[in-house]
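J.: Below is one structure. I have some questions about it.
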Amino acid sequence: MSFYFAFLILFVMVSFFLFFSRPHFGDQMGDKRKKFLIAYFLAAGADWLQGPYIYALYETYGLPKSDIALLFISSYMSSIIFGTFIASLADKYGRKRLCVLYGLLYACACLATLINSFDALLLGRVLTGISTSILHTTFEAWMVHEHLKQPNHYESVGQTISLAVFGNAIVAILAGSLSSYAAQSYGFTAPFITSFLALLCCVYFVTVSFNENYGDSEVKVQNIFINALSEIKKDQRLPLIGLPQSLFEAAMYTFVFMWTPLLQENAGEGQDVPFTLIFMCFMFCQVIGSFLYLHLVRRTTAENIARWVYIISSFSLFIPFFFQVTSFQLTRDYLINQT
């Protein structure tokens, strides 16, 4: 535990250095940017609190790996079936309302996870899928809409997103540390109770701080997907952007499901694997990646950056697939992929 604490201190010091050495940002958005970042960090932090221990909790419930896989898949299917539809309602009924709905649904998912029943756990994963879809669309949509009211909004949006990615990794490190302490002190259900409290804080902050904004409030809900397909047909750049991003996310979701049992299997039965420390290292690599992006984007195009991201990520996952590696080497390749 003292090693974790030392790592956390080192991480905070390096993060402050990277933050203050980043390219200078203007203060066009001021208070709006601050409100978005606080709300987003609360929302994302609640999500990160659960990350290191969801698989371990299911194992303590005595679930076989096939059932655990089904629970993970149900979350992704939930995002496909319900998440996109519900997140699209933000344009019509208001993005602030959907951000509040995120906190409420995810809080219910946390409570369902505390029940050792497959049906309850399945319900929790379905609600999780819906909630995470809202997290990754509606908060950002609210922020972009507020930026569009300002001059030079394109540069300002990029700056805010970079700050969000940078800060999100820091929040993930802190959430991982808190999650580890809670799990070791009070059991594997404690991180989910902590996440529940963070979600209530998020709901309160959004309620009192966000103003409501809309997309096309006159659009009919049943026409949302029809309009989206029409836009994709008109602009061929949309599928060209979406397809590689979807493939990359598919690889990452596979990674999310497999990294915990694979490292444990590679380490050997009865050997302790410092999952929390490894998770913290993943997030630290995201901080480095965000920092590099802020500087690279000023020197080359986003297309070139994305090309190298895909090449390096593919190579990092290629090595453990084709070669016999140790847990240390496996973790190293995972860290490269996270960066």
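J.: Quick check on Ala90: is it among the small types (Gly, Ala, Ser), in contact with a Leu (Cβ under 9 Å, 6 or more places away or on another chain), surrounded by 17 or more Cβ atoms within 10 Å (Cβ to Cβ) and modelled with pLDDT of 95 or more?
T.: no
J.: Continuing with the same structure: Hey, among Ser131, Ser162, which residue is among the polar types (S, T, N, Q) and farther than 30 Å from Thr189 by Cβ?
T.: That would be Ser162, the only listed residue that is among the polar types (S, T, N, Q) and farther than 30 Å from Thr189 by Cβ.
J.: Take residues that are over 30 Å from Arg298 (Cβ atoms) and tell me which of the helices (runs of 4 or more DSSP H) falling wholly in region 84-200 contain 3 or more.
T.: Passing ranges, in order: 84-93, 95-113, 118-135, 153-186.
J.: State all residues of region 278-321 that are among the small types (Gly, Ala, Ser) and either over 19 Å from Ile161 (Cβ atoms) or surrounded by 14 or more Cβ atoms within 10 Å (Cβ to Cβ) (or both); if no residue qualifies, say none.
T.: Of everything in region 278-321, those that are among the small types (Gly, Ala, Ser) and either over 19 Å from Ile161 (Cβ atoms) or surrounded by 14 or more Cβ atoms within 10 Å (Cβ to Cβ) (or both) turn out to be Gly289, Ser290, Ala306, Ser313, Ser314, Ser316.
J.: Ile81 fails exactly one of the following numbered conditions: (1) surrounded by fewer than 22 Cβ atoms within 10 Å (Cβ to Cβ); (2) in contact (Cβ under 8 Å) with a residue 12 or more places away in the chain; (3) aliphatic (A, V, I, L, M); (4) part of a helix (DSSP H, G or I). What is the number of that condition?
T.: In the conditions (1) surrounded by fewer than 22 Cβ atoms within 10 Å (Cβ to Cβ); (2) in contact (Cβ under 8 Å) with a residue 12 or more places away in the chain; (3) aliphatic (A, V, I, L, M); (4) part of a helix (DSSP H, G or I), Ile81 misses (2) alone.
J.: Sort out which residues of region 162-183 are open to solvent by 60 Å² or more (accessible area, probe 1.4 Å) and either in contact (Cβ under 8 Å) with a residue 12 or more places away in the chain or hydrophobic (A, V, I, L, M, F, W, C) (or both), and write them in order of number.
T.: Listed by number, the residues that qualify are Val165, Leu174, Leu178.
The values are calculated or read from the model by the stated rules, or taken from the named source; none is laboratory data. Note that this is a predicted model, so its numbers are computed, not measured. Glycine also receives a Cβ, built like all others from the backbone with ideal geometry; neighbour counts cover every protein chain displayed. When the accessible area is computed, the model is the full protein with side chains, heavy atoms only, and any ligands, DNA or RNA have been set aside. Shrake-Rupley method; radii C 1.70, N 1.55, O 1.52, S 1.80 Å.
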